[in-house]
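The values are calculated or read from the model by the stated rules, or taken from the named source; none is laboratory data. Worth saying up front: this structure is predicted, and the values here are computed from it rather than measured. Because the Cβ atoms are built from the backbone with ideal geometry, glycine has one as well, and the counts that use them run over all protein chains shown. Ligands, DNA and RNA are stripped out before the accessible areas are found, and what is left, the full protein with its side chains, is counted by its heavy atoms. Shrake-Rupley method; radii C 1.70, N 1.55, O 1.52, S 1.80 Å.
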Amino acid sequence: MAIHGMSAEDKFAASSSEILNRFGVRLTMGYDFDEYRHWVKQARPDHVVGDPFDSKQHQLGKGNARWIIGRDEQGEIMHTQALRILPTGIKSVGEYFRTSFRGFAPSRPDIDYERSRYRAGPGAKRMTGRVAYSGETWVGGAPGKYRGSGLSTVLGRYALLSAIKEFDVDYVVGFMIKPVAYKGFCLRMGFMHAEPMALRWYIQNEEEPVEAVMVYMSNEDIRFILDLPAAELDALAA
């Protein structure tokens, strides 16, 4: 496929489409988060959709939120991801999460909110403008079929592409628990920047917290990642 003269976004869309077809994966997008909750319950019965994407708590729809679902050749859901615009206003990302981090807690009932805390890093303090939050990231399938195949690289970058094309964002941010981030998953998903110890969630009656890293990308960063040679992207998903 000749992709000379195309924009970074269009080149990525073309190369990722070929890779997804090779894996037999079909992506669908939507804005109705009641529908999203239905699909998640079907694919992951033990998972509760996180508060940031709970349509009972927030007005979510076209213009401020979008979900992405991947299905295999049998039509079974093997991937989920969701994006929403944060109501930061004139605040920086650091200022916003300082007062709102409790709304981004893990989906479990035993969080000790009094001991939990958010710590803004230098990047979070600088980020202002139109900011999308990325979450609900999951890749399923049989062991070795998708996870560890490099497909997450394509799926992660597709979400970043969606953020700039759908919402024209200045930044995309997300949280990853420490063990996952430190294994390099943030890089595989396309994030170039990470701030360690951003979140500390304490569990009731437990001393050690669950730590989360804040990952982020600027609009410029995303376009740089999407402009990487198609051959390199293909090799990551080989």
Seminar exercise, completed: Residue-normalised value, i.e. accessible area per residue, for the range 8-231 at 1.4 Å probe, in Å², stands at 49
Exercise. Roughly how much of W39 is accessible, in Å² to the nearest 10, using a 1.4 Å probe?
Worked result: 60
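Taking R0 as 30 Å, what's the FRET efficiency between A14 and H38 from their Cβ-Cβ distance, rounded to 0.05?
On the way: r = 32 Å, r/R0 = 1.05.
The computed FRET efficiency comes out at 0.40.
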Exercise. Tilt of helix 8-23 relative to the longest C-alpha principal axis of the chain, in degrees (0 to 90, nearest 10)?
Worked result: 80
Exercise. Normalised by the residues of the chain, what does the relative contact order come to in percent, with Cα pairs under 8 Å and at least six apart?
Worked result: 21
For this session: Compare T88, T137, T28 in a GNM of the chain, Cα atoms joined below 10 Å, and give the one with the largest fluctuation.
Result: T28
For this session: Quick one: angle between helix 33-43 and the longest Cα principal axis of the chain, in degrees between 0 and 90, rounded to 10, please.
Result: 80
For this session: Considering only E195, E166, E114, give the residue with the highest GNM mean-square fluctuation for the chain, with springs between Cα atoms whenever their separation is below 10 Å.
Result: E114
Exercise. Given the rule -39500 (n - 2.57) for each run of at least 4 DSSP H residues, summed and divided by the residues of the chain, what is its mean residue ellipticity at 222 nm, to the nearest 500 deg cm²/dmol?
Worked result: -9500 deg cm²/dmol
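Mind putting a number on the dipole of the range 21-127 about its Cα centre? Charges go on the C-beta only, +1 for Lys and Arg and -1 for Asp and Glu, and I need it in Debye to the nearest 20. Display every interim value, and only then the final one.
Numbers: 19 positive and 13 negative charges, 116 e Å.
The dipole of the range 21-127 has a size of about 560 debye.
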For this session: Scan around R115 for amide H atoms under 5 Å from its own, H built in the peptide plane at 1.01 Å from N, and keep only partners 5 or more places away or cross-chain.
Result: none
For this session: Using only Cα atoms, tell me the angle between helix 151-167 and the longest principal axis of the chain; keep it within 0 to 90° and round to the nearest 10.
Result: 80
Seminar exercise, completed: In debye to the nearest 20, the charge dipole size for the chain, taken about the Cα centre with +1 at each Lys and Arg Cβ and -1 at each Asp and Glu Cβ, equals 240
Exercise. So what's the gap between the Cα centers of the range 197-214 and the range 1-79, to the nearest angstrom?
Worked result: 29
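Between rounded, prolate and oblate, where does the range 114-226 land on the alpha carbon gyration tensor, with a ≥ b ≥ c its root eigenvalues, rounded for a/c under 1.5, else prolate if a/b exceeds b/c? If you can, show how the numbers build up before the last one.
Values: a/c = 2.24, a/b = 1.16, b/c = 1.92.
Oblate is the answer for the range 114-226, as a/c is 1.5 or above yet b/c matches or exceeds a/b.
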Problem set entry | For F175, residues with placed amide H under 5 Å, excluding near neighbours | V215
For this session: May I ask you to list the lysines whose Cα is less than 24 Å away from that of K11, ignoring any residue fewer than eight positions away on the same chain?
Result: K165
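Assigning unit charges at the beta carbon (Lys, Arg +1; Asp, Glu -1) and nothing else, what dipole magnitude in debye, to the nearest 20, does the range 1-83 show about its Cα centre? List each step's numbers first, then the result.
On the way: 10 positive and 12 negative charges, 10 e Å.
For the range 1-83, the charge dipole is close to 40 debye.
Which of rounded, prolate, oblate describes the range 1-127, given a ≥ b ≥ c as roots of the alpha-carbon gyration tensor eigenvalues and a/c under 1.5 marking rounded, otherwise prolate only if a/b is larger than b/c? Intermediate values should be presented prior to the final figure.
On the way: a/c = 2.34, a/b = 1.39, b/c = 1.69.
Judged from the Cα gyration tensor, the range 1-127 comes out oblate (a/c at least 1.5, b/c at or above a/b).
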Problem set entry | Positive-end residue of T153, Y133, V48, charge dipole of the chain with Cβ unit charges | Y133
